[in-house]
Amino acid sequence: MIKLNVKDRDGEQHEVTANDGDTLMETLREFDWGVAAICGGMCSCGTCHVFIAEADLDKFPAMDVDEEDLIDMLEFSRDGESRLSCQLTLNPEHNGVSLELAPDE
Amino acid sequence: MIKTVVIVGAGQAGLQTAISLRQGGFEGRVILLGAESRLPYQRPPLSKQVLKGEFTEEKCTLRQQDFLDAQKIEFRPDSHVIALDAQRRAVTLEGGRMVDYDALVVATGSRLNRIQLGGSLLTGVNYLRTLDDALQLREQLKPGVRLVVAGAGYIGLEVAASARALGCEVSVIEAQSGIMQRSALDPIAAFLEDRHRSEGVTFYFNKLMTEIHGGREVQAVSLDDGTLLDAEVILKGLGVQPEIAWLEDSGIEVDRGVLVDEHCRTNLPGVFAAGDCAQTHHSLYPEPVVLESVQNAVSQGKLCAAAILGQDVSYEEPPWFWSEQYDCRLQMAGLPQPGDELVLRENGPNSLTVLSLGADRLNALQCINAPRDYMAGRKLIAAGSQVSRERLADSTTELKDLL
């Protein structure tokens with residue numbers, strides 16, 4: 001069981017259950033407060049942008065250059081916290097991870 | 001008072017309309033009519049990840065039934081809508097049942113251009129539009145199989161790239177003199193054409209497929225210059241057109257697609273249109289445009305919902321598109337206009353940015369493996385401000401510094 005603590009754009013907290021092997025984006029788009037993820041996970045649009053809590057960041061693999069470049073161009077990106085949720089595949093190690101949805105661009 | 005919204009078409013545009021209606025606080029009924037049997041799914045992976053076996057069917061699903069139930073979106077698969085009665089405010093399903101609406105969203109997408117040749121019914125002749133089409137094609141793309149693709153547009157080229165990755169031999173036949181002639185800027189098309197050649201794809205330009213040969217299964221195709229190509233699998237990638245035949249005699253205004261204003265409103269009261277089937281007024285363009293893309297489907301879905309909710313939002317977002325072929329990610333924004341000057345930025349190996357520059361503003365940009373340029377370019381196009389040609393061409397200046 002993977003449970004995540006997610007703060008939505010209105011500051012409301014949600015406990016979300018995710019499936020092993022799904023991306024974080026796939027998990028988050030299932031909610032009406034979730035991410036838009038327009039490009040469907042191609043690292044092309046930046047509409048699945050999230051902030052990962054500092055303590056949990058190293059549970060995910062480092063960014064590749066495409067993700068880094070795209071995040072760099074987003075208005076609301078935060079150094080060291082921003083990730084594109086479509087690039088993050090979840091496994092049981094991510095149980096308890098905290099994150100926040102970035103504002104819409 | 002709008003109590004029931006009926007959405008015809010459960011693709012990206014239809015689903016987005018439904019989701020956005022709920023997000024906007026709509027409390028009436030939302031009925032989403034899909035022609036296929038499946039839950040709403042995304043099409044971009046069909047020619048890529050699905051063919052290569054990287055995505056399961058499940059992975060293409062845009063929203064699960066649980067989500068639709070929670071949102072009180074009444075999704076009805078296998079619902080073929082055949083007519084609109086705008087007087088009665090109802091649509092007719094195959095079999096004669098009618099569904100009444102207070103507001104109607106036409107989101108029927110596109111249908112394939114089909115060209116019937118001798119041999120078109122043989123086993124091994126494929127089109128690619130639906131997930132079922134993709135799964136069927138995937139079964140046939142075994143290593144060593146000879147694939148002939150008719151049409152060097154996005155679908156044809158993405159399938160060609162996927163098939164090469166699967167170990168197929170690939171030939172592409174195109175009536176024009178190069179690839180992606182309808183939408184890609186010349187340097188981008190040339191870059192990708194080279195890439196396909198270096199991956200082993202053979203092109204036949206300025207040629208038409210005239211006949212498909214075989215007993216029960218495809219064995220070969222002939223071209224209009226007499227060339228005969230041995231083949232086991234054919235893909236016809238001949239483009240699409242708006243799926244609007246069912247609206248004939250409804251009184252709805254149609255040109256190439258259903259004509260809508262910048263709020264997705266048609267000429268009929270209470271009737272809206274979104275996505276591939278719509279031809280829309282857009283604040284950036286003088287003439288209404290048909291945009292076949294995920295972005296347009298999503299943007300117009302949101303606009304339809306806003307219009308139904310009585311909000312004043314209009315279409316201003318520059319159109320954007322993407323494609324993937326091999327390790328080339330092509331990202332495009334805006335629409336090139338006649339008379340534009342092309343400006344190239346050299347980005348180093350396996351990367352290219354081409355800007356389509358009007359008299360006083362950036363009209364479009366197309367990038368291969370250059371997401372920084374792409375994201376900044378999108379903003380430059382949206383801003384519509386004066387940009388200097390010299391600085392655009394200077395690869396040492398970041399595009400975001402021109403904002």
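The values are calculated or read from the model by the stated rules, or taken from the named source; none is laboratory data. Computed from a prediction, not measured in an experiment: that's the story for all the values here. Cβ coordinates were reconstructed from backbone atoms using ideal geometry, including for glycine residues, and neighbour counts include every protein chain displayed.
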Discussion item. When you scan the stretch B:332-347, do you find a residue that is surrounded by 19 or more Cβ atoms within 10 Å (Cβ to Cβ), within 14 Å of chain A (Cβ to nearest Cβ) and at pLDDT 95 or above, even just one?
Written reply: yes
Discussion item. List the helices (runs of 4 or more DSSP H) inside the stretch B:1-87, counting only whole elements, that have at least 1 residues being touching a Lys or Arg at 6+ places or on another chain (Cβ under 9 Å), surrounded by 24 or more Cβ atoms within 10 Å (Cβ to Cβ) and within 14 Å of chain A (Cβ to nearest Cβ).
Written reply: B:12-23
Worksheet item: So which residues in the stretch A:62-84 are away from chain B (no Cβ under 12 Å) and part of a strand (DSSP E or B), if there are any at all?
Response: A:82, A:83
Discussion item. Among (1) of a type outside the set (A, V, I, L, M, F, W, C); (2) closer than 30 Å to residue B:347 by Cα; (3) away from chain B (no Cβ under 13 Å), there is one condition residue A:59 misses while meeting the rest; what is its number?
Written reply: (2)
Item to complete: Mind counting the residues in the stretch B:321-331 that are within 15 Å of residue B:189 (Cβ to Cβ) and either among the hydrophobic types (A, V, I, L, M, F, W, C) or surrounded by fewer than 16 Cβ atoms within 10 Å (Cβ to Cβ) (or both)?
Response: 3
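Report those strands (runs of 3 or more DSSP E) wholly inside the stretch B:139-209 carrying at least 2 residues which are in contact with a Ser or Thr (Cβ under 9 Å, 6 or more places away or on another chain), crowded, with 21+ Cβ neighbours inside 10 Å and not charged (D, E, K, R).
Because the criterion is at least 2 residues that are in contact with a Ser or Thr (Cβ under 9 Å, 6 or more places away or on another chain), crowded, with 21+ Cβ neighbours inside 10 Å and not charged (D, E, K, R), the strands (runs of 3 or more DSSP E) in the stretch B:139-209 that meet it are B:146-150, B:169-174.
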Discussion item. If residue A:77 satisfies all but one of (1) without any contact (Cβ under 8 Å) to a residue 40 or more places away in the chain; (2) out of contact with any His (no Cβ under 8 Å at 6 or more places or on another chain), what's the number of the condition it fails?
Written reply: (2)
Worksheet item: What pairs come up if the first residue lies in the stretch B:365-391 and is modelled with pLDDT under 90, the second is acidic (Asp, Glu) and not in a loop (DSSP other than H, G, I, E, B), and their beta carbons are under 6 Å apart, counting only those six or more places apart or on different chains?
Response: B:371/A:66; B:371/A:69; B:372/A:69
Item to complete: Would you check if residue A:43 is part of a helix (DSSP H, G or I) and touching a residue at least 12 places away in the same chain (Cβ under 8 Å)?
Response: no
Discussion item. Condition first: within 13 Å of chain B (Cβ to nearest Cβ), in a helix (DSSP H, G or I) and in contact (Cβ under 8 Å) with a residue 24 or more places away in the chain. Can you find one or more residues in the stretch A:85-102 that meet it?
Written reply: yes
Discussion item. What's the number of the only condition in (1) of a type in the set (A, V, I, L, M); (2) farther than 30 Å from residue B:269 by Cα; (3) facing chain A (nearest Cβ under 10 Å) that residue B:294 fails to meet?
Written reply: (2)
Fill in: Any pair with Cβ under 8 angstrom, 6 or more apart, that starts in the stretch B:25-43 at a residue that is within 19 Å of residue B:298 (Cβ to Cβ) and ends at one that is buried (at least 20 other Cβ atoms within 10 Å of the Cβ) and among the aromatic types (Phe, Trp, Tyr)
B:32/B:75; B:34/B:75; B:39/B:75; B:40/B:75
Item to complete: Please find, within the stretch A:62-74, the residue that is surrounded by the fewest Cβ atoms within 10 Å (Cβ to Cβ) out of those that are over 13 Å from the mean Cα position of the chain (by Cα) and in contact (Cβ under 8 Å) with a residue 24 or more places away in the chain.
Response: A:74
Fill in: Complete set of residues in the stretch B:88-134 that are of a type in the set (A, V, I, L, M, F, W, C), in a loop (DSSP other than H, G, I, E, B) and surrounded by fewer than 20 Cβ atoms within 10 Å (Cβ to Cβ)
B:115, B:117, B:121, B:122
Practice prompt. Out of the residues in the stretch A:1-24 that are assigned to a strand (DSSP E or B) and of a type in the set (A, V, I, L, M, F, W, C), state the one that is farthest from residue B:23 (Cα to Cα).
Written response: A:2
Worksheet item: How many residues, within the stretch B:260-294, are more than 19 Å from residue B:337 (Cβ to Cβ) and of a type outside the set (D, E, K, R)?
Response: 16
Worksheet item: When the stretch A:78-92 is examined, which residues are found to be over 12 Å from the mean Cα position of the chain (by Cα) and either among the polar types (S, T, N, Q) or modelled with pLDDT of 95 or more (or both)?
Response: A:91, A:92
Practice prompt. Provide a single number: the residues in the stretch B:308-341 that are out of contact with any strand residue (DSSP E or B) (no Cβ under 6 Å at 6 or more places or on another chain) and either outside any loop (DSSP other than H, G, I, E, B) or touching a residue at least 40 places away in the same chain (Cβ under 8 Å) (or both).
Written response: 12
